[in-house]
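Trainee: To start, I am sharing the structure in question, which I have written as structure tokens.
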Amino acid sequence: MIRGFLFDLDGVIVDTAKFHFIAWQRMAAVLHIHFGQKENEQLKGISREESLDRILHWGGITLQQEEKQHWMDQKNAWYLECVAKMGPEEILPGVASFLREARKQGFSIALGSASKNAVPILEQTGLLSAFDQIVDGTVVTTSKPDPHVFLEGARRLGLAPEQCLVFEDAEAGIEAAHNGGMRSIGVGDPNVLHRAHRVIQSFKEIPDPSALIHTL
Ligand code: B16
Ligand code: MG
């Protein structure tokens, strides 16, 4: 029986993938590396450093750790310029009411994100108090598909993995959920997320959390 929900942040609660894209693209342009939407898709759910490693690899560039740190800091500064303009209007359709209903119905709710910027984003969008636990990139260093971020979320909620349902927009995140022994809902493209137990385009399709878990 599902008793808890584990939410990815980027691409599930808010569409920050577009801001990551803008920031990585600025860097790629300076380094003369091709970086398009297809490449960006492969960075969803992947940590900042691993994302940088992948982009440098695609561009055939090797950098010293110090230079890598410079680009991670610069990319994050560009990213935060976008985040600073965010407000509740950036919450994806149906998410806020799903979170409210889930709490009313007694489900436990945790965030399971690779992002180190999760708390400021939840603060800016007014959603921080909707979560019982936050597990983010400041807590967990391994990238999805490693299940640690979700296992830690389940542990903090006091639930077994099989009592948790994960919401994810990234292939790597769906894999992470399954590697941790959890069920998953893919949010987005069914062709990318075909391994998920169910795929939705939007939370507007699933207004009632209790009804949802009976469809799995
Ligand atoms: P930051 P999620 C992930 O968040 C993003 O999908 C991924 O593109 C990003 O590189 C990663 O967070 C790290 O983010 O640079 O803010 O620490 O989808 O796991 O919520
Ligand atoms: Mg995501």
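Trainee: Please name all residue pairs, on different chains or six or more residues apart, with Cβ atoms under 7 Å, provided the first residue is in segment 103-129 and is over 20 Å from T141 (Cβ atoms) and touching a residue at least 60 places away in the same chain (Cβ under 8 Å) and the second residue is away from ligand 1 (no atom under 12 Å from the Cβ) and among the β-branched types (V, I, T).
Mentor: The qualifying pairs are T125/I91; L127/I91.
Trainee: For A28, state whether it is within 10 Å of ligand 1 (Cβ to nearest atom) and of a type outside the set (K, R).
Mentor: no
Trainee: With respect to D208, determine if the residue is within 16 Å of ligand 1 (Cβ to nearest atom), among the charged types (D, E, K, R), assigned by TED's automatic domain parsing to the domain that holds T141 and open to solvent by less than 70 Å² (accessible area, probe 1.4 Å).
Mentor: no
Trainee: Continuing with this model, one more query. Checking S210 against (1) away from ligand 2 (no atom under 13 Å from the Cβ); (2) in contact with a strand residue (DSSP E or B) (Cβ under 9 Å, 6 or more places away or on another chain); (3) not acidic (D, E): exactly one of these is not met. Which one?
Mentor: Status for S210: all satisfied but (2).
Trainee: Additional query: Which number in (1) touching a strand residue (DSSP E or B) at 6+ places or on another chain (Cβ under 9 Å); (2) under 18 Å from P120 (Cβ atoms) marks the one condition that G45 misses?
Mentor: Answer for G45: the failing condition is (2).
Trainee: Also: Kindly state which helices (runs of 4 or more DSSP H) lie completely within segment 1-94 and contain at least 2 residues that are open to solvent by less than 20 Å² (accessible area, probe 1.4 Å).
Mentor: Once the helices (runs of 4 or more DSSP H) in segment 1-94 are filtered for at least 2 residues that are open to solvent by less than 20 Å² (accessible area, probe 1.4 Å), what remains is 17-30, 48-58, 65-83.
Trainee: Further question: Residue by residue through segment 198-216, note down the ones that are within 24 Å of A160 (Cβ to Cβ) and out of contact with any His (no Cβ under 9 Å at 6 or more places or on another chain).
Mentor: Residues satisfying the conditions are R198, I206, D208, P209, S210, A211, L212, I213, H214, T215.
The values are calculated or read from the model by the stated rules, or taken from the named source; none is laboratory data. Worth saying up front: this structure is predicted, and the values here are computed from it rather than measured. Note that each Cβ is placed from the backbone with ideal geometry, even for glycine, and that neighbours are counted across all protein chains shown. Just the protein is used for accessible areas: all its heavy atoms, side chains included, with ligands, DNA and RNA removed. Shrake-Rupley method; radii C 1.70, N 1.55, O 1.52, S 1.80 Å.
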